[in-house]
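See structure below.
Read-outs: derived from the displayed coordinates by stated rules, not from any lab. This structure is a prediction, so every number in the text was calculated from the model and none was measured. Reconstructed Cβ throughout: ideal geometry from the backbone, glycine too, with neighbour counts over all protein chains shown.
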Amino acid sequence: MSGSGRRNAAETAQAPGGTVIDTVAWLHLHDGRVLATRSAGKRLFYVPGGKRNPGESDLDTLVREAAEELTVTLDADSARHFGTYRAAADGHGVGVTVTMACYTAGFRGTPVASGEIAEVVWLSYADRDRTAPVDRLLFDDLRAAGLLL
């Protein structure tokens, strides 16, 4: 999947066997930990990001979501696709999955909770079970690559 390509699907699409929620996330690592957020009213943490608006590219979504959730400005030119993950969607019924395209990118500013975000934390692999199912797959890859404590 290309990071700069546009998708024709809206934020959710019907797929054989269920619904797929299409998301993009910003992967930011520091000292072997990954930046994560928890939305107000939620129990689990997520890598920052969110649902694509109709007609948005991966990078459009990535930049918009980082600004909305963390008040940082991502450098879209530095964005690199890390991986795309798919798992059961947290808090949704049976047959609903989430696809999360993850990107690293440079940024300006200091990540702080904004909008619907209640908490910003740095997580290690020991915190894996405190994250959504799709994020757990990312944590496994980060650990296997020696990037996550």
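Structure notes:
- Each label point was placed 7 Å from the Cα along the Cα-to-Cβ direction; for ARG108 and HIS92 their separation is 3.5 nm.
- 5 angstrom amide H check on SER114, placed H, neighbours 5+ away: none
- Only Cα pairs under 8 Å and 6+ residues apart enter the sum, and on that basis the relative contact order of segment 40-82 stands at 29 percent.
- Comparing GLY146, VAL72, ILE117 along the charge dipole axis of the chain, the residue lying farthest to the positive side is GLY146, per the Cβ-charge model.
- As a proxy for reagent exposure, ranking TRP122, TRP26 by other Cβ atoms within 10 Å from fewest up yields TRP122, TRP26.
- The simple spin-label model puts a point 7 Å past each Cα toward its Cβ; for ARG143 and THR71 those points are separated by 3.4 nm.
- Comparing mean-square fluctuations of GLY83, GLY106, GLY18 from a GNM of the chain with C-alpha springs under 10 Å, the top value falls on GLY18.
- Structural descriptor for the chain: relative contact order 29 percent, calculated from alpha carbon pairs under 8 angstrom and at least 6 residues apart.
- Check: the chain dipole with +1 on Lys, Arg Cβ and -1 on Asp, Glu Cβ, in debye: 220
- Dividing the convex hull volume of the alpha-carbon atoms in segment 11-126 by its residue count gives 111 Å³ per residue.
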